[in-house]
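Input: a single structure, listed below in structure tokens.
The numbers here are math on the coordinates, done by the rules we state, and not lab data. On a predicted model such as this, the values are computed, not experimentally measured, just so you know. Backbone-built Cβ (ideal geometry, glycine too); neighbour counts: all protein chains shown.
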Amino acid sequence: MTATALTGIGLLVTHDPEVGDLRDAALVIEDERIVWVGPSAQVPDADDGTDMDGRCVIPGFVDSHTHVVFAGDRAAEFEARMTGQPYTAGGIRSTTIATRAATDDELLGHAANLLAEMLAGGTTTTEIKTGYGLSTVDEQRCAQVAARLTDEVTFLGAHVVPAEYADRPDDYVELVAGPMLAAAAPYCRWVDVFCETGAFDVDQARTVLSAGRAAGLGLRVHANQLSPGPGVQLAVELGAASADHCTHLVDADIDALAGSATVATLLPGAEFSTRSPYPDARRLLDAGVTVALATDCNPGSSYTSSMAFCIALAVRETGMSPAEALWAATAGGARALRRDDIGVIRLGARADLVALEAPTPVHLAYRPGVPLVAATWKDGQPLSA
Ligand code: NIG
Ligand code: FE
């Protein structure tokens, strides 16, 4: 085993409630784990070391909601939105045509490029959804591709009803909850449903989520993105790990989330790219809801891979403090994935770390659009920017 010490850390943000933030800190990595955290002056001997020269070190970002397995481009749709066209779930079908036409290697290459972009931007864990195949064979292909890139794969056959099932949506739900789920599940940890007008109603969503649970998958829900609706209540009722978007909430939704283990995952990149009103993080946080932040990286509603950008948006537009936004983008994402080994810097946690070219993480929102990630460690392995 090789021990590597990172010394001279100006500010270490641990997200370990017993330790908090440490100034003039150091940590030691052995293999893929953190084995020591403390004052730089007391760092134990290690095989090699790096002086962080006063930089700030934070846990690697946990992007708990992405759709990076796809082909094609919807820049024209974005351009039209910026001149007044509304966003609708229907655009998913155009990406489905391109995704079905792509080879496995093309899908893998494109998704791997996006993951490399994410890693360079400080994201060390990425959840990846299927959802642009929408046939048994194509959803299985998308799940296989995703599983080559992450352990956090989500089956989203219930993303939208594909064109060939447009006049018999319940047959499509039967397919998703039956053969399509069976084909994809071996590659997945999670099942998700887009519960929204224009996608799946609450009964259809319940059918798919219940089948996913019976197949051994954990639950996630795209909920209350475009309008108020039953998605959040369904997520809480079924014990989903996460209700994602949470843009249009009534008081009863907030109360339900606050009394539950379901994380509210906010995706402000989607509101940015669809020019829509942002979710109210302040209302959620003040009610005691656990909040995560993620990119929603996808070709339609949010084509950003940058967690730093989402932090800046969350601070500027959703009422989060910089510290709350950083927590949501790291420890919050870990909660949304029901993980306790990431999003935190403590003994035994994975050595997934980011060094910022900044004295404090406030700079992530204070200097939006500036590439502040100086170095990333994933599983203890360094990647310099
Ligand atoms: O999370 N809401 C559903 N799915 C994606 C959008 C996908 C698309 O437009 O291609 C989202 O925003
Ligand atoms: Fe999404």
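Summary table below
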{"read-out": "Cβ-Cβ FRET estimate between Asp255 and Ala3, R0 fixed at 56 Å, reported to 0.05", "value": "0.70"}
{"read-out": "Ordering of 301-312, 370-381 by packing [mean C-beta count within 10 Å, highest first]", "value": "301-312, 370-381"}
{"read-out": "Most fluctuating residue given options Gly131, Gly20, Gly319, as computed from a GNM of the chain linking Cα atoms under 10 Å", "value": "Gly20"}
{"read-out": "Förster radius 30 Å - calculated FRET efficiency between Arg316 and Asp24, Cβ distance, rounded to 0.05", "value": "0.45"}
{"read-out": "Using θ = phi - 60° and Karplus 6.51 cos²θ - 1.76 cosθ + 1.60, couplings along the range 99-108 (whole Hz; Gly, Pro as x)", "value": "5, 4, 7, 7, 7, 4, 5, 5, 5, 5"}
{"read-out": "Ordering of 116-128, 31-43, 48-60 by burial proxy (mean other Cβ atoms within 10 Å per residue, highest first)", "value": "116-128, 48-60, 31-43"}
{"read-out": "Total charge dipole magnitude, the chain, about the Cα centre, Cβ charges on Lys, Arg, Asp, Glu only, Debye to nearest 20", "value": "360 debye"}
{"read-out": "Pair Asp105, Asp45: separation of 7 Å Cα→Cβ label points (nm)", "value": "5.1 nm"}
{"read-out": "Paramagnetic label zone (point 7 Å from Cα along Cα-to-C-beta, Asp340; backbone N under 12 Å) in the range 6-36", "value": "none"}
{"read-out": "Farthest toward positive dipole pole in the chain [+1 Lys/Arg, -1 Asp/Glu at C-beta], among Thr376, Gly54, Ile254", "value": "Ile254"}
{"read-out": "Max mean-square fluctuation residue, GNM over the chain, Cα-Cα springs under 10 Å, options Ala331, Ala163, Ala143", "value": "Ala163"}
{"read-out": "Contour excess over end-to-end distance, with Cα ends at Gln381 and Arg168 and 0.36 nm allotted per residue", "value": "71.7 nm"}
{"read-out": "CD proxy at 222 nm, helix term only [per DSSP H run n ≥ 4: -39500 (n - 2.57); per residue of the chain; nearest 500]", "value": "-8500 deg cm²/dmol"}
{"read-out": "Folded to 0 to 90 degrees: helix 202-214 orientation relative to the chain principal axis, Cα", "value": "60 degrees"}
{"read-out": "GNM flexibility winner over the chain from Ala349, Ala329, Ala281 (Cα, springs under 10 Å)", "value": "Ala349"}
{"read-out": "Charge tally in the Cβ shell below 11 Å around Val236, where Lys, Arg are +1 and Asp, Glu are -1, Val236 excluded", "value": "-3"}
{"read-out": "³J(HN,Hα), Karplus 6.51/-1.76/1.60, whole Hz, each residue of the range 342-354, x for Gly, Pro", "value": "9, x, 8, 10, 8, 4, x, 6, 5, 7, 10, 9, 10"}
{"read-out": "Inter-probe distance in nm under a simple model that places probes 7 Å from Cα toward Cβ, at Thr83 and Val370", "value": "3.5 nm"}
{"read-out": "Tail beyond 33 Å, pair distance distribution of the chain (Cα, percent)", "value": "28 percent"}
{"read-out": "Principal axes of the range 197-299: Cα extent on each, largest first, Å", "value": "36, 33, 20"}
